[in-house]
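Enquirer: Submitted below is the structure of interest, expressed as C-alpha cells.
The values are calculated or read from the model by the stated rules, or taken from the named source; none is laboratory data. In this text, all values refer to a predicted model and were calculated from it rather than measured experimentally. In this analysis, Cβ positions are derived from the backbone assuming ideal geometry, glycine residues included, and neighbour counts consider all displayed protein chains.
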Amino acid sequence: MKQKNADGGRKPDLSRHINLRARPVARILAAVAVAVVVAVGGAVFASPARSQSILRDTETEFFFRDLALPVYEAAGVDTERLRLFVDAEPSINAFVTASHIIVLSAGLVQRAADPSDLLGVIAHETGHIAAGHHLATAEAALYAERQFLLSAALGVVLAGAIGNPTALGAAGAAGTEISQKGLLAHSRAHEQAADQAAVNYLAAAERSPVGILRVMRYLEEQENLSIEVNPYLRTHPISSERVSFLEGALERSAYADVAPSAEEMETLRRIKAKLAAYLDPDDFHRRYPAADVSVAARYGRAVANWREGKLRECVALLRELIAEEPDNPYFHEFLGQVLFTAGRAEESAASYREAVRLLPDAPLLRLGWAAALLEQRSPRADKVALRQLSLVNDARESPGVALRLTNIAETRQGSTGRATLALAELRLIEGRLGEAAVLAQRALRELSEQEQASRLRAMDLLAVIGDQTDENDDENDESPPLR
Ligand SMILES: [Zn+2]
C-alpha cells in the first residue's frame with residue numbers, strides 16, 4: 001500500500017507497514033520496537049563511544065542495505081525484513097538478532113579497509129540467518145532480542161530529529177548496554193557453516209570474499225595476541241581452519257579481484273569520517289588534519305564542529321558542501337539538524353524539506369522535518385508535521401520519538417483520542433505494558449466512530465498487550481520513563 005504524500009505530490013515508498021494483525025506477537029514487537037529512538041541534541045550525550053547504543057543514520061543504513069541486498073537475494077532470505085544498523089561499539093563486532101536485524105559496530109566500520117569487509121561480515125551474518133542458527137536456542141534468542149530492543153529503544157539519531165533533552169537525560173542514565181551474555185554464542189560448526197554460506201552468497205553476488213578473509217585474519221591476530229577479548233570473538237569463535245578455508249575460497253573465487261565501485265568507496269569514506277567525528281571529535285581532528293579538504297574530511301569536520309558547539313564553522317562547511325552537491329540529501333539533513341539545535345526552526349524545516357524531497361523513502365528525514373515544523377508552533381505547520389509523522393509511524397523502523405511528536409501534534413490539534421493512542425503505542429514499545437493497556441482503552445473511549453482506522457489500531461494494541469502480558473508479567477518494568 002502506498003500513501004499519497006502531501007508535499008509536492010510525490011509518493012514515497014513507505015509501504016512496509018506494520019500489520020499488527022498479520023504477525024505473531026514476538027515479531028510485531030520487534031517490528032514496532034526496533035530502533036525506537038530517543039534523539040540526541042548536541043552535547044547532551046556526553047560519551048557515546050563507551051555506550052553500546054544503536055546509532056540511527058539514514059546514510060549509513062542505506063549504504064549497508066545496498067551492500068546487503070544482493071547477498072540477501074542469493075541467500076533466499078526475505079529482503080523485506082532486511083534491516084541493518086550501526087552501533088557505537090568501538091571494537092569490531094557484528095551480530096544478528098532473532099528478528100533478522102544485523103548490527104555492525106562503529107569499530108568494524110572504522111577498521112574496514114574498503115566496503116568488501118562490511119559486505120563479507122554481512123554475508124557471514126546472513127549465513128547464520130539462512131541456516132536458522134539464531135533460532136537454535138529460542139530462549140537465548142528471545143533474551144538477546146529483548147536486550148537488543150531495550151538498547152535500540154535508547155538509540156540515538158546521528159543526524160536526525162531532536163527529541164526532548166530532558167527525556168534523553170532519563171534514557172541515557174538508564175544505560176544502553178547490549179548485554180553480551182544475552183547474545184547468542186555460535187558454535188564452531190555454526191561458524192564454519194556461516195563462512196561457507198557467505199562464500200557462496202558472495203560468489204552469487206559476483207563479489208570478492210577478500211573482505212571477510214581480511215576481517216577474520218585481523219581478529220585471529222587479535223586472538224593470538226590476546227590483547228583484549230574482542231566481543232565478536234565471544235559470539236563468533238575464530239579458528240585457523242576458518243581462516244585457511246577463506247584463503248582457499250579467495251584463491252578459487254572467480255571474483256577475487258572484483259573491487260568495490262568508486263561510489264561505494266566514497267560513501268564509506270564519508271560514513272567513516274562522520275562516525276569518527278560523532279564518536280570522538282578530538283580523535284577525528286587528529287586523524288583528519290585541517291589540510292585534508294576532501295569531501296569526507298569536511299563532512300566529518302562539520303559533524304565534529306557541531307559536537308564541539310562551533311555552529312558557525314559547521315554551518316559554513318555544510319553550505320559549502322551543499323553548493324558542491326546540491327542534490328545530496330544527507331547534507332541538507334545534517335544542516336536541518338544543526339539549525340534545529342541552534343533554535344532556527346524555520347530554516348531547519350526548509351533544509352529537512354529539501355532532504356525529504358531528494359530522498360522521500362527515508363523515515364528519519366521526515367521525522368526531522370516534522371520536529372522542525374512542530375517547533376514553529378503554528379497550526380498550519382502542525383498539520384504538515386502530522387502528515388509526515390503518519391508516514392514515519394507507518395514505516396517499519398519507525399523510531400519511538402515519532403510517537404511522542406505525534407502525541408504532541410494531535411493534542412495541539414484537539415484530537416484527544418489519537419493523541420492518547422500514540423502514547424499507548426509508545427508505552428508498548430517501552431515495554432510498559434500496564435500503562436499501554438490503560439491508554440489504549442482510554443483511546444478507544446475517546447476516539448469517535450469516524451476514526452475507524454485508529455480504533456482498529458487501538459484494539460490491535462490491546463490484543464498484543466494481552467499476549468505479551470501472558471508471556472511475561474513483570475520483566476518489562478525496568479524501562480526508563482520517556483517523559
Ligand atoms: Zn558467526
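Enquirer: What number of residues within segment 256-273 satisfy the criterion of being of a type in the set (S, T, N, Q) and under 20 Å from F85 (Cα atoms)?
Expert: Looking only at that region, the number is 1.
Enquirer: Would you mind stating whether L423 is at pLDDT 90 or above, touching a Phe, Trp or Tyr at 6+ places or on another chain (Cβ under 7 Å) and assigned to a helix (DSSP H, G or I)?
Expert: no
Enquirer: D327 versus (1) free of Cβ contacts under 8 Å to residues at least 40 places away in the same chain; (2) within 22 Å of the chain's Cα centre (by Cα); (3) under 22 Å from V315 (Cβ atoms): which is the lone unmet condition?
Expert: Of the numbered conditions (1) free of Cβ contacts under 8 Å to residues at least 40 places away in the same chain; (2) within 22 Å of the chain's Cα centre (by Cα); (3) under 22 Å from V315 (Cβ atoms), the odd one out for D327 is (2).
Enquirer: Okay, next question. Can you tell me which of (1) touching a helix residue (DSSP H, G or I) at 6+ places or on another chain (Cβ under 9 Å); (2) modelled with pLDDT of 80 or more is the one A46 doesn't meet?
Expert: Answer for A46: the failing condition is (2).
Enquirer: Among the residues of segment 351-358, are any part of a helix (DSSP H, G or I) and of a type in the set (S, T, Y)?
Expert: There is at least one residue in segment 351-358 that is part of a helix (DSSP H, G or I) and of a type in the set (S, T, Y).
Enquirer: Do you know which residues across segment 300-317 are under 20 Å from R287 (Cα atoms) and in a helix (DSSP H, G or I)?
Expert: Of everything in segment 300-317, those that are under 20 Å from R287 (Cα atoms) and in a helix (DSSP H, G or I) turn out to be G300, R301, A302, V303, A304, N305, W306, R307, E313, C314, L317.
Enquirer: Let me ask something additional. Conditions: (1) surrounded by fewer than 24 Cβ atoms within 10 Å (Cβ to Cβ); (2) within 29 Å of E435 (Cβ to Cβ); (3) under 23 Å from the mean Cα position of the chain (by Cα). L359 meets all but one. Number of the miss?
Expert: (2)
Enquirer: Looking only at strands (runs of 3 or more DSSP E) that lie completely in segment 52-106, which have at least 2 residues being within 16 Å of the ligand (Cβ to nearest atom) and among the hydrophobic types (A, V, I, L, M, F, W, C)?
Expert: 94-96, 101-105
Enquirer: I've got another one for you. For the structure I just gave you, tell me whether S351 is among the hydroxyl-bearing types (S, T, Y), free of Cβ contacts under 8 Å to residues at least 12 places away in the same chain and farther than 19 Å from A277 by Cα.
Expert: no
Enquirer: Using the structure shown, decide if L421 is closer than 30 Å to E80 by Cα and out of contact with any Gly (no Cβ under 9 Å at 6 or more places or on another chain).
Expert: yes
Enquirer: Could you please give the count of residues in segment 362-396 that are surrounded by fewer than 20 Cβ atoms within 10 Å (Cβ to Cβ) and part of a loop (DSSP other than H, G, I, E, B)?
Expert: Count: 4.
Enquirer: While we're looking at this one, here's another question. List the pairs whose first member sits in segment 68-94 and is within 18 Å of L268 (Cβ to Cβ), whose second member is assigned to a strand (DSSP E or B) and among the basic types (K, R), and whose Cβ atoms are under 9 Å apart, counting only residues at least 6 apart or on separate chains?
Expert: F85/R56; V86/R56
Enquirer: Being among the acidic types (D, E) and touching a residue at least 60 places away in the same chain (Cβ under 8 Å) is the filter; apply it to segment 414-467 and report the residue that is nearest to D394 (Cα to Cα).
Expert: E425
Enquirer: Then there's this: Can we say F85 is modelled with pLDDT under 80 and either over 21 Å from G120 (Cα atoms) or in contact with a Leu (Cβ under 9 Å, 6 or more places away or on another chain) (or both)?
Expert: Answer is no for this residue.
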